[in-house]
1. For segment 94-142, which residues satisfy the criterion of being farther than 24 Å from Ala82 by Cα and among the charged types (D, E, K, R)?
2. May I ask you to say which residue of Arg172, Arg96, Arg164, Arg156 is exposed (fewer than 15 other Cβ atoms within 10 Å of the Cβ), out of contact with any strand residue (DSSP E or B) (no Cβ under 9 Å at 6 or more places or on another chain) and of a type outside the set (Val, Ile, Thr)?
3. For Ile206, work out the one condition from (1) among the hydrophobic types (A, V, I, L, M, F, W, C); (2) touching a Ser or Thr at 6+ places or on another chain (Cβ under 7 Å); (3) part of a helix (DSSP H, G or I) it doesn't fulfil.
4. When you go through Asp115, Asp140, Asp57 one by one, which is the residue that is surrounded by fewer than 17 Cβ atoms within 10 Å (Cβ to Cβ), in contact (Cβ under 8 Å) with a residue 40 or more places away in the chain and within 18 Å of Ala21 (Cβ to Cβ)?
5. Within segment 15-30, how many residues are surrounded by 14 or more Cβ atoms within 10 Å (Cβ to Cβ), of a type in the set (A, V, I, L, M, F, W, C) and farther than 21 Å from Leu102 by Cα?
6. Inspect all residues belonging to segment 218-238 and state whether any of them is of a type in the set (D, E, K, R) and assigned to a loop (DSSP other than H, G, I, E, B).
7. Looking for something of a type in the set (Ser, Thr, Tyr), modelled with pLDDT under 95 and part of a loop (DSSP other than H, G, I, E, B) - is there at least one such residue anywhere in segment 137-152?
8. Might you check whether a residue that is more than 30 Å from Thr44 (Cα to Cα) and not acidic (Asp, Glu) occurs anywhere in segment 230-250?
Amino acid sequence: MRTIHVIGIGAGDPDQLTLQAVKAMRGTDVFFILDKGEAKADLTGLRRDMLDRHLADRAYRVVEARDPERDRSAGGAAYSPAVGDWRSARADIYERLIADELGEDGTGAFLVWGDPALYDSTLAVLEEVRERGTVAFHHDVVPGISSVSALVARHRTGLNRVGRPVQITTGRRLSEEGLPDGVDDVVVMLDAHQRFRAFVGQDVDIYWGAYIGTPDEILVSGPLAEAAPRIERLRAEARERKGWIMDTYLLRRSPGDR
């Protein structure tokens, strides 16, 4: 049966590859990469650099396909159906790649940014392909260093404080629900609209990072009221320069400011 490795490759630094990830890569015949267009070509380049570094002495193939466009204007009740449609379009591509590009006893791999278990669609898309029953395969998962772990490491802090919980959420959820009761450390991912601005008037610190682990890395930390304007300016400049941005941040609230 075909085997598929889902390999977490870290937040961008090639040195964040684990030994387990390298071992799985060295046992792979075909690597599947979804191309996100010219603006994000350096993401594909980083993957290829990792392959060149660790597989220089063995033969392998790289097969690229264009990532389907997602309706990012959908909100409210339309959000989940839009995500479902996008995942199904991805499943069509995965299904074709596995069936057409991988022999019945071959091994393929998807190189996933960060950790495949944290806000990534690869596992859900592969499960949809399996449920269709048109192509049989076994798959396993190699965990990776997430952008969340890399963020707090670069800021030399922890995710939580002693005996306290931490929550990981999205920018959209933060905007809808605010900072949760009883949770003073909140990690926010997938925030294209800088929703942290809503909490500038509170006693909150921010630990923010963009392009973490890459040569373009930007880090800002400090009281939110002071750091927010700088983050907005740096974020706008970086997006203009590169055409895209990936950022993550930790909001740390004073326990008395609820």
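1. Within segment 94-142, Asp100, Glu101, Glu104, Asp105, Asp140 meet the criteria.
2. Working: Arg172 fails: exposed (fewer than 15 other Cβ atoms within 10 Å of the Cβ); Arg96 fails: out of contact with any strand residue (DSSP E or B) (no Cβ under 9 Å at 6 or more places or on another chain); Arg164 fails: out of contact with any strand residue (DSSP E or B) (no Cβ under 9 Å at 6 or more places or on another chain).
Only one candidate qualifies: Arg156.
3. Just one mismatch for Ile206, condition (3).
4. Details: Asp115 fails: surrounded by fewer than 17 Cβ atoms within 10 Å (Cβ to Cβ); Asp57 fails: in contact (Cβ under 8 Å) with a residue 40 or more places away in the chain.
Of the residues listed, the single one that is surrounded by fewer than 17 Cβ atoms within 10 Å (Cβ to Cβ), in contact (Cβ under 8 Å) with a residue 40 or more places away in the chain and within 18 Å of Ala21 (Cβ to Cβ) is Asp140.
5. Looking only at that region, the number is 1.
6. no
7. No - not one qualifying residue is present in segment 137-152.
8. From segment 230-250, those more than 30 Å from Thr44 (Cα to Cα) are none; that's our starting set.
No.
The values are calculated or read from the model by the stated rules, or taken from the named source; none is laboratory data. If you're wondering where the values come from, they're calculated on a predicted model, not measured in any experiment. Every residue, glycine as well, gets a Cβ built from its backbone with ideal geometry; the counts of neighbours run over all protein chains shown.
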